[in-house]
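J.: There's a structure below that I have some questions on.
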């Protein structure tokens with residue numbers, strides 16, 4: 001992802017920066033309407049396989065799209081065909097994150113004790129974040145030293161490895177069955193779980209900040225002198241990983257809302273520092289604090305979602321929360337990409353908007369927790 005803004009600019013469509021994350025997120029959002037339903041009816045494993053298969057083939061299609069864009073035989077409207085194919089591929093690629101997390105999280109909650117759910121989801125996040133730490137660093141190295149095609153091919157090869165590992169997993173849903181046509185009908189049956197709304201709404205500011213961060217940060221850190229832009233993402237993700245080792249256990253012990261309030265404060269501080277950063281060191285400090293906020297917020301929100309879910313509806317509840325994730329990321333990406341591509345002076349204000357959202361989130365959670373305690377007393 002850190003290299004895609006440069007890739008789109010090379011294609012002559014830098015003004016469409018916000019669509020890189022936005023369309024990916026839209027693809028994920030569309031698939032959320034039925035991925036949770038499938039996971040609760042047909043099984044966790046099949047949903048994971050669908051999402052991973054998309055990842056395994058997407059990288060190869062990027063190479064094909066690049067060939068079409070650079071070939072004079074396909075030159076339509078000065079190469080815009082390749083641009084639109086690239087953006088369409090971003091939508092298709094987004095289906096991977098619409099399916100895989102719903103199945104993975106539901107499978108995990110099937111096999112762990114309820115009182116260790118936050119801890120277990122924290123470890124799942126560590127695994128995902130380890131990939132997110134290594135992926136951008138490897139991708140930037142490949143793109144800078146050997147070109148974008150090597151990065152895309154490597155992405156697909158890693159996706160194939162993930163698919164082979166996924167095929168070895170057991171199915172944990174009792175009475176699982178093949179996917180039926182009715183599972184794909186978004187107008188039949190429940191597509192969302194109302195009980196998950198408190199967790200889903202809490203995720204919106206976190207997701208919006210992530211969309212902004214993914215969209216504008218590559219250009220921001222390049223301007224600060226980072227040669228390999230993915231390395232900055234790696235700093236954030238490592239901080240997130242370290243926090244996940246303790247955040248899940250803490251939310252199991254002290255409750256979801258208080259821990260999320262701390263995550264909101266860290267989001268405020270991290271994004272606030274980024275908005276004023278003019279050196280690599282200052283940006284790294286802000287990035288580390290922002291990474292710590294992710295490490296707290298993500299496992300805690302999904303553990304809270306599982307807590308709120310009715311029996312037999314965990315995957316649907318997780319899918320509902322993931323819809324909020326995609327809406328937040330998509331909104332942050334589209335808005336920040338549109339403003340930033342036309343005027344770089346928007347950059348600090350976009351970070352500050354994310355910071356304020358984090359503080360509002362913390363205040364609402366603290367107020368809500370106090371109100372619930374008062375009501376119980």
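Values quoted throughout were computed directly from the atomic coordinates according to the rules given, and no laboratory measurement underlies them. Values in this document were obtained by computation on a predicted structure and should not be read as measured data. Because the Cβ atoms are built from the backbone with ideal geometry, glycine has one as well, and the counts that use them run over all protein chains shown.
J.: Can you quote the Å³ per residue value for the convex hull of the Cα atoms in the chain, rounded to an integer?
T.: Considering the Cα atoms of the chain, their hull volume per residue is 135 Å³.
J.: Between residue 180 and residue 369, what length in nm is gained on full extension when 0.36 nm per residue of separation is reduced by their alpha carbon distance?
T.: Fully extending the segment from residue 180 to residue 369 adds 63.9 nm.
J.: Then there's this: With springs only between Cα atoms under 10 Å apart, run a GNM on the chain and tell me which of 227, 190, 311 wobbles the most.
T.: So, out of 227, 190, 311, the one fluctuating most is 311.
J.: Then there's this: What's the ranking of 283-291, 192-200, 138-146 by average number of surrounding C-beta atoms within 10 Å, highest first?
T.: 283-291, 192-200, 138-146
J.: Sort 53, 217, 172, 25 so the one with the fewest other Cβ atoms within 10 Å of its own Cβ comes first.
T.: Going from sparsest to densest Cβ surroundings: 172, 53, 217, 25.
J.: Tell me the label-point distance for the pair residue 70, residue 164, using the 7 Å Cα-to-Cβ offset, in nm and rounded to one decimal.
T.: Label at residue 70, label at residue 164, 2.8 nm between them.
J.: For 40, 149, what's the fewest-to-most ordering of other Cβ within 10 Å of each Cβ? The partial results should precede the final answer.
T.: Details: 40 27, 149 16.
Ordered by Cβ neighbours within 10 Å, fewest first: 149, 40.
J.: Just round it to a whole percent: the fraction of Cα-Cα distances in region 108-196 exceeding 21 Å.
T.: Tail of the P(r) past 21 Å holds 60 percent of the pairs.
J.: Order these by the 10 Å Cβ neighbour count, fewest first: 44, 168.
T.: Fewest-to-most Cβ neighbours within 10 Å comes out as 168, 44.
J.: Quick check: residue separation of residue 81 and residue 130 times 0.36 nm, minus the Cα distance between them. What number comes out in nm?
T.: So the extension gain works out to 14.1 nm.
J.: Let me ask you something else. Which FRET efficiency value, to the nearest 0.05, is calculated for residue 223 and residue 311 with the Förster distance at 41 angstrom and r the Cβ-Cβ distance?
T.: 0.20
J.: Can you tell me the length gained on complete extension of the stretch residue 63 to residue 172, counting 0.36 nm per residue apart and subtracting the Cα distance?
T.: Extra length from residue 63 to residue 172 when fully extended: 35.6 nm.
J.: While we're here: Please work out the C-alpha center-to-center distance from region 170-245 to region 6-35 and express it in whole Å.
T.: Taking the Cα centre of region 6-35 as reference, the centre of region 170-245 is 14 Å away.
J.: Could you give me the percent of Cα pairs per 5 Å distance bin for region 266-377, shortest bin first, beginning at zero and ending with the bin that holds the maximum distance?
T.: Percent of Cα pairs in each bin: 2, 11, 14, 19, 19, 14, 10, 6, 4, 1, 0.
J.: Follow-up question, since we're still on this one. Where q = 0.12, 0.17, 0.18 Å⁻¹, what log10 of I(q)/I(0) comes from the Debye formula for region 131-268, counting one point per Cα?
T.: Debye intensities relative to I(0), on a log10 scale: -0.84, -1.21, -1.21.
J.: Here's something else I'd like to know. Calculate I(q)/I(0) for region 213-268 by the Debye formula, one identical point scatterer on each C-alpha and no solvent, and give its log10 at q = 0.21 Å⁻¹ to two decimals.
T.: -0.83
J.: Connecting C-alpha atoms closer than 10 Å in a GNM of the chain, tell me which of 103, 59, 134 has the biggest fluctuation.
T.: Looking only at 103, 59, 134, the largest GNM fluctuation is found for 134.
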